[in-house]
1. Quick check: Cα centre of segment 3-52 to Cα centre of segment 126-152, how many Å?
2. Can you pull the three principal axis extents for the Cα set of segment 18-139, in Å, largest first?
3. How much length is gained on full extension from ASP8 to THR120, taking 0.36 nm per residue of separation minus their Cα-Cα distance?
4. If you build a Gaussian network model of the chain, linking Cα atoms that sit under 10 Å apart, which residue out of GLY37, GLY95, GLY173 swings the most?
5. Can you run phi through the Karplus equation (6.51, -1.76, 1.60; θ = phi - 60°) for segment 155-166 and list ³J(HN,Hα) in whole Hz, with x for Gly and Pro?
6. Over the alpha carbons of the chain, what is the largest minus smallest coordinate on each principal axis, giving the biggest first in Å?
7. In sequence order, what are the phi-derived ³J(HN,Hα) couplings for segment 194-200 according to the Karplus relation 6.51 cos²θ - 1.76 cosθ + 1.60 with θ = phi - 60°, rounded to whole Hz, with x for glycine and proline?
8. Dividing the Cα radius of gyration by the Kirkwood radius, what Rg/Rh value follows for segment 94-153?
Amino acid sequence: MPDKAHWDNVYGSRAIDTVSWYQEHAERSLDLIRKLGIARDEPVIDVGGGASVLVDDLLADGYADLTVLDLSRAALTTARTRLGVRAESVRWIEGDVTDIELPHGHYALWHDRAVFHFLTTPEQRDAYVSRVLHAVRPGGHVIVATFAEDGPTECSGLPVMRYDATRLHGEFGASFELLGHEREEHVTPTGRLQSFLYCFCRRGQLQPNV
């Protein structure tokens with residue numbers, strides 16, 4: 001996982017609406033969350049949410065138990081400043097998702113748009129999946145979006161992994177039931193197309209020692 005200094009520099013030196021992953025609204029994510037039937041009072045965590053507008057959209061849609069986790073303090077500061085007083089109703093966590101301490105079996109939904117594809121070693125990916133197994137309740141849902149097979153090979157100057165649905169679900173294993181997947185052609189602020197893959201799963205029963 002790229003270090004914190006890299007992402008603090010990215011978010012500290014560039015306007016948020018100029019980075020390639022910028023969305024004016026997180027429409028695909030919000031649509032999937034609604035389709036999965038996540039209740040407005042259930043706990044939701046946005047991993048790598050940083051400066052993303054998903055938290056804004058969820059608050060506007062009535063979701064009341066929100067956590068945003070990001071490695072970059074600068075990214076979190078951008079979101080908190082943008083939200084103003086509404087930021088007080090969100091839990092903000094600064095840390096690395098592969099080793100952060102999160103409450104056990106707590107979240108009804110784990111959402112990640114574009115963190116997992118930065119994990120380029122098996123050890124990083126195993127640590128990530130371990131955190132998901134620890135933090136998501138049995139029967140809870142997971143949405144993970146990565147670059148698709150025909151997506152970019154790097155982002156923000158860093159190498160990334162690319163996935164099809166079978167391979168992405170395979171990283172998570174039998175503890176997760178694949179409910180579906182969708183592609184998205186994301187248009188960057190400079191007008192370039194980036195192919196994303198969204199997989200959504202249901203968490204199975206707790207495993208021993210997780």
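1. One Cα centre to the other: 15 Å.
2. 37, 34, 25
3. Extra length available between ASP8 and THR120 comes to 38.3 nm.
4. Of the options given, GLY37 has the highest mean-square fluctuation.
5. With coefficients 6.51, -1.76 and 1.60, one gets 8, 6, x, 10, x, 9, 8, 10, 9, 9, 5, 5 Hz.
6. 44, 39, 30
7. These are the phi-based 3J(HN,Hα) values: 10, 8, 10, 10, 10, 10, 10 Hz.
8. Reported Rg/Rh (Cα atoms, Kirkwood Rh): 0.99.
FYI, it's all coordinate maths here, none of it is from the lab. Computed from a predicted model, the values in this text were never measured in an experiment. Glycine gets a Cβ as well: all are built from the backbone with ideal geometry, and neighbour counts include every protein chain shown.
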